[in-house]
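Worksheet: one structure, shown below.
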Amino acid sequence: MKDRWLCGRGANGQLRCDEASPPPLPPHILPPTRRYFLRSLPCVIHRTTSIWCFGGDMSSTEKVRGSHLLVKHQGSRRPASWKDPEGRIIRKTTRDDAVAKLMQFKSDIESGRATLADLATQNSDCSSAKRGGDLGWFGRGQMQEPFERATFNLNVGELSDIIDTDSGSHIILRTG
């Protein structure tokens, strides 16, 4: 585990962190120009040319990226959504109904008839529908435990089976 990371912008403008042992912290780094967090690590920017992050391991195993399609049902902790604000349809939807919908969506994705992003945009009960179901990068402890466990156990590009959480039933696509 590294305790300090030197990060900077590459030629393409993307943020890149050096995973090799960084050089000693330069004395001019304090006080920092700005403080912020990168991959949940405290970081400081000095003169916008160097970024120093402290503590933890910058490896990609700490975070995953996923997209999902959520179908809420009678047992959902919050039986309302952006497409059913009053919850009239959700309160009439059984878990079995939700699973049947998700199985059809999964079949459509696996056969190539549709993408998860397209289906999530139209059918997901999560507000991430406006981003095609994309939840961005997240680490352990940020999602409900069954959802987190399923996402971390998937390979990138792999689609999950039906996953039940307090929010409802999901299919998840690990994207990073």
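General observations
- Some residue of the stretch 55-70 being outside any strand (DSSP E or B), closer than 14 Å to HIS170 by Cα and within 17 Å of the chain's Cα centre (by Cα): no
- First in the stretch 101-124 and β-branched (Val, Ile, Thr), second anywhere and not in a loop (DSSP other than H, G, I, E, B), Cβ under 8 Å, 6 or more apart: ILE109/LEU116; ILE109/LEU119; ILE109/LEU159; ILE109/ILE171; ILE109/LEU173; THR115/ILE109; THR121/ALA129; THR121/LYS130
- Pairs, first more than 22 Å from ILE90 (Cβ to Cβ) in the stretch 151-167, second surrounded by fewer than 17 Cβ atoms within 10 Å (Cβ to Cβ) and at pLDDT below 95, C-beta under 9 Å, six or more apart: THR151/ARG65; PHE152/THR61; PHE152/ARG140; VAL156/ARG65; VAL156/GLY176; LEU159/GLU110
- Qualifying residue in the stretch 125-141 (condition: in contact with a Cys (Cβ under 8 Å, 6 or more places away or on another chain) and closer than 22 Å to ARG65 by Cβ): yes
- Note on the stretch 134-143: residues that are more than 16 Å from SER124 (Cβ to Cβ) and without any contact (Cβ under 8 Å) to a residue 24 or more places away in the chain total 2.
The values are calculated or read from the model by the stated rules, or taken from the named source; none is laboratory data. The shown structure was predicted, so the numbers you read here are calculated from the model rather than taken from an experiment. Here the Cβ is made from the backbone with ideal geometry for all residues, glycine too, and neighbour counts use every protein chain on show.
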